[in-house]
Every structure is written in structure tokens, then in C-alpha cells.
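**Q** The structure that follows is given in the form of C-alpha cells.
The values are calculated or read from the model by the stated rules, or taken from the named source; none is laboratory data. This one's a predicted model, so the numbers in the text were calculated from it and none came from an experiment. Don't worry about glycine lacking a Cβ; one is built from the backbone with ideal geometry, like all the others, and counts go over all protein chains shown.
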Amino acid sequence: MKKLPLWFCMAALLISRAHAQTPAKEDPRFAGLDKEFNKILSTWHAAGFAVAVVEKDKIIYAKGFGYRDYEHKVPVTPHTVFAVGSNTKAFTAGLLGILRDQGKLDFEQPVRNFLPELVFATNDLNEQVTLRDMMTHRTGIQRYDYSWLFFPPKSRDTLLYRIRYFKPHTPLRSRWEYNNFMYLAQGKVAEKLTGRSWEENIRQYFFDPLGMSHSDLSVTDMEKEQDKALPYSVALDGSIKKLPYRNIDVIAPAGSINSSVLDMGNWVSMWLNSGKYKGKTVLPKTYVREALGLQMAIWYNLPDKAHPDLHFNGYGLGWFLRSYRGHYQAEHGGNIDGFTALTCLFPSDSIGIVVLSNQGGSIVPDIVHNILADRALRLGKIDWYGEAEKRLHAPPPPAALQVRKDTVIIKGTDVHRSPGEMTGTYTNNLYGSFEVFVKDDSLFARLPLETVYLKHRGYDIFDATSSTDFTVGSMAVIHFLMDDNGAINRLGIRLDDEEPAVFVKQKRN
């Protein structure tokens, strides 16, 4: 074969590279979005977000807006890694779909057949709760999120053990009750049956075959990523406030995946193509159809007058199911400190949308999703931005303007005890333990994630105050309780239940 001149080879290589890096012509459906999306950033004081739109087996639109590092004005790119929160659930449920296809489990058998160390509060639940019940949030057990969010143990086994103390809230299969613990348990089932960690299974069955090279399974790994988003919230004055990363490894199967919109686009493409990616099966086709089908109704209200074509609300296997302007939609959101995510599928239209933002509890992904969905589906325009802005500036309801009675300092009730009488270690089966101690004549509580100052309100009642965003208002009141002889022997904090959780004071040796 005749050799070509070196200069010719180099020129051909440069031309080839230039051609490969030339972006595809922008789809006219998404023209002019930059101005609209930048306006959203400004209005909602958001640091940044990234979007991707998938059609059939191609990502047809992907872009970053705002900043992944707001302080240093480092822009978001389609490769920027965000926490996707509860979007993780579809991955965990998908593992069980693969294991069922391998003949290792059955969704309809009691889950304790596969994970006997999982114990519920009643014999009926032990005998009847199935994997399908857990996958569809119909166990009748409420969330008990403070147990892992504010009192996290060091191991998943310890967290799994706490489930036996969760009181049933409604009868089994009678009502939809979202529960992160049930997805932790599914992850433990997968570990038990494969002999590998949940993380190893996710990499083997999803990240590797889908080419999700900008995805990880813990914030400790995310912090090593070069193109990563930092977490933010919006302060009361409207300023953008940086937050610390929240480590949720202890309940990882329910929400610890971090990813980019391009990687999540591959995940979406697989779902739109009946479980296949680049011609290879990742998820069984039968499972994909089942997971995107209605398994449990969430609510039964009629559509409102403003949007009569937004109706029905149910749950599949790791997916919320809704009607969006006459189009069947499967979606899931994700929220963890400083991040809000949304992944959406329109299976009948072969359209998928991913919106990832580095603002906690944000409305931005919802607005952006609606705008993109209308354009991708070629629907008539609705002013989603304007509707959201009206709600933003609407006066709060009268009840919100009233000061809660239980936050008012009780006059004439100065504490008559010495702070030392309250000190000690307090324990609850559902939440674990924490210490109350005295420093410089002031009372403090050393919780697992932070130390809070206990400000006296009245009698033996104190407000937990903190300079961080970890303390939640509903758990900020600590009421010390006494025995028949007047000695402090326990305390109450209102956490997940309407009634306060009681922590018993441990006797000193």
C-alpha cells in the first residue's frame, strides 16, 4: 500500500477532529431557551442547573446554565456532576428486576424469605410484606426520615434494625406511604443475593454498560470529581448560600447517586428503548413495561380547572406516573441538601428530560421541565414561568403570618433546676442516642451531626438553636420529663410522629 505524506496524514487528522467537535445543528424546538432559562436563574436565586433532552436513542439537547461554583463563577456544563437524590430509587428497583430475571427472587413472596434479618413491628407485616409492596411504597409504614437524616448510625445494618420499631401508619396496601427505608432494604436484598455491595451491583449492571463515566455513589467520590457542582440554598434575604455536602451513604440505595445530565441521558435512553442501550439489553423488557405501569394510586383528586390535562397520580416501580397534557409521563424527583433533580420519561413519545440543579428544595427543575416538555412534545405554550412567579409573590396565607404558640417564650417560668440535672446520655430505639452537657453554665445537646445550644423557653422546655442548616424546626423543641420523684429521667422531641419521641436517660455507672 502506498504511503501517504506525513503532512497529509496530519491535515486529515486535524480535519477529522474538527469535524468530530462540531456541535450538531440546534433543534429548532429549543431555540431561544438561553434567555428564558437565565431569567429563571435570576428570579429564583439559583446557582445553576443543567438539562438534557433525549429522543429515542439520542441526546438532542444538552446544556448547562449558571454556575457549579457560584463564588468563583465556574459555569455548569453538561458533564457537571450533581446529586440526583431519589432518582436513585429506579436504579435500586432495577437491580431487583434483573435478579428476578435471573431467577433469584420473586416480587410476590414475603421479603423476609430473602432477607430474614429484616423485622417489622407486627407479625402480620413480617408474614405479608413483599418486595412489590416495598417497591411501590404500600407497606403502610410512614417515612421516619429523621431516623437516618438527623440520627444516622455508622452502618446500614443498624439502620435496617430500626425498622422493627416503626409503627404501622395505615393497613398494608391500603394507602401509598413514601418510605426511604424500604429502598434501603431492597438494596440489602440485592447484596444478600449477589454477595456484592449495592455499589458494586450498580456499577456492574448500570454504570458500566451505560457508559456512565461521570457518575458515582457517594459524596466522598463526588468531591474528587473535577467538574462537580457545589450545593447551595437560598437565604431569607435572597442571597445564595453555600452548604456542606450531605453524606447519605448509610441509606445509599434510596438516594446517594451523583451524575451528570449526559450520563443520566444514557439511563433515560435505555428506558425509552425497552431496556436496551446501543443494542444490548441492560434491563429486561418485561421489567421496563412493569416498572412504568401503574402499581399503586397516590391520590384520587380530580384535575384542577387551570390545567385539566394534568391528571392522575400513581406510582410504578421507582417511578411516579402522571398525565402531562394528555401524554403519559413517568418521572421522579430528588432532593438532598443543596441539590434538586428531576428525571422524566414520556414512553409513548420516546422523549426523556433530565434537569439537575445545585439548589436545595428548588422549584427550578419543575419549571424548566415543563418548558422543555412543551417544546419537545410540540405543545402549545403555557407560561409556566409566569405562573410560578405569581405564586412566588402571592401573599402568604393568614395562618403563616401567625406566630406559633409553642415558639413563644413562656413568661414567669424561669428554670428552677441546675443545668446539671438535665445532663446525661438519652437513648431511643428508633433514633439512637445523644448527649446533653453543660459548658460555661449553658446547656447543649451533642447530636450525631452537630452540637446545638439549648435556649430556655420555660419550665423544663428548651429550643435547640444552631448556626447550621441541619436543625429542623419540627425537632427543635426539647422537653425534659421527670419521674414520680421529680428527677429528670427522659426527654421528648417531636420528630416523625405527631407524638414526641421519648429518649430515656441512661443511668450513670
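**Q** Considering only residues that are of a type outside the set (D, E, K, R), loosely packed, with under 14 Cβ neighbours inside 10 Å and either without any contact (Cβ under 8 Å) to a residue 12 or more places away in the chain or part of a loop (DSSP other than H, G, I, E, B) (or both), which ones fall in the range 216-243?
**A** Gln226, Ala235, Leu236, Gly238, Ser239
**Q** If I filter the range 134-143 for residues that are out of contact with any strand residue (DSSP E or B) (no Cβ under 8 Å at 6 or more places or on another chain), assigned by TED's automatic domain parsing to the domain that holds Leu294 and outside any loop (DSSP other than H, G, I, E, B), do I get at least one hit?
**A** Yes, the range 134-143 contains a residue that is out of contact with any strand residue (DSSP E or B) (no Cβ under 8 Å at 6 or more places or on another chain), assigned by TED's automatic domain parsing to the domain that holds Leu294 and outside any loop (DSSP other than H, G, I, E, B).
**Q** Which residues, taken from the range 319-356, are free of Cβ contacts under 8 Å to residues at least 60 places away in the same chain and over 20 Å from Val84 (Cβ atoms)?
**A** Within the range 319-356, Ser323, Tyr324, Arg325, Gly326, His327, Tyr328, Ser348, Asp349 meet the criteria.
**Q** If you don't mind, there's one more thing I want to ask. Here is a list of conditions, (1) over 21 Å from Tyr183 (Cβ atoms); (2) part of a loop (DSSP other than H, G, I, E, B), and Gly293 meets all of them except one; can you say which number that is?
**A** Among (1) over 21 Å from Tyr183 (Cβ atoms); (2) part of a loop (DSSP other than H, G, I, E, B), the lone unmet condition for Gly293 is (1).
**Q** Moving on. Take Ala291 and decide whether it is among the small types (Gly, Ala, Ser) and surrounded by fewer than 19 Cβ atoms within 10 Å (Cβ to Cβ).
**A** no
**Q** What number goes with the only condition from (1) more than 30 Å from Ser259 (Cα to Cα); (2) among the basic types (Lys, Arg); (3) in contact with a Gly (Cβ under 8 Å, 6 or more places away or on another chain) that Lys89 does not pass?
**A** Every listed condition holds for Lys89 apart from (1).
**Q** Additional query: So which of Leu118, Leu125 is outside any loop (DSSP other than H, G, I, E, B) and over 30 Å from Pro244 (Cα atoms)?
**A** Leu125
**Q** So, one more: Do the conditions hold for Trp319, that is, is it aromatic (Phe, Trp, Tyr) and surrounded by 23 or more Cβ atoms within 10 Å (Cβ to Cβ)?
**A** yes
**Q** A further question follows. How many residues, within the range 41-53, are at pLDDT 95 or above and over 22 Å from the mean Cα position of the chain (by Cα)?
**A** Of the residues in that region, 0 qualify.
**Q** Only one of Lys73, Lys63, Lys89 is within 22 Å of Arg29 (Cα to Cα) and of a type in the set (Lys, Arg); which?
**A** The conditions single out Lys63.
A quick yes/no check of all residues on (1) crowded, with 21+ Cβ neighbours inside 10 Å; (2) not small (Gly, Ala, Ser):
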| residue | (1), (2) |
| --- | --- |
| Gln329 | yes, yes |
| Gly338 | yes, no |
| Ile353 | yes, yes |
| Asp366 | no, yes |
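**Q** Return only the number of the condition from (1) surrounded by 10 or more Cβ atoms within 10 Å (Cβ to Cβ); (2) within 27 Å of Glu225 (Cβ to Cβ); (3) at pLDDT below 90 that Ala20 does not satisfy.
**A** (1)
**Q** Can you tell me which residues in the range 427-442 are assigned to a loop (DSSP other than H, G, I, E, B) and within 26 Å of the chain's Cα centre (by Cα)?
**A** Asn429, Leu430, Tyr431
**Q** I'm trying to understand the selection: among the residues of the range 254-273, which are out of contact with any strand residue (DSSP E or B) (no Cβ under 9 Å at 6 or more places or on another chain) and either among the basic types (Lys, Arg) or in a loop (DSSP other than H, G, I, E, B) (or both)?
**A** Asn273
**Q** Of the residues in the range 40-63, how many are in a strand (DSSP E or B), surrounded by 23 or more Cβ atoms within 10 Å (Cβ to Cβ) and of a type outside the set (Phe, Trp, Tyr)?
**A** Going through the range 40-63 one residue at a time, the tally reaches 6.
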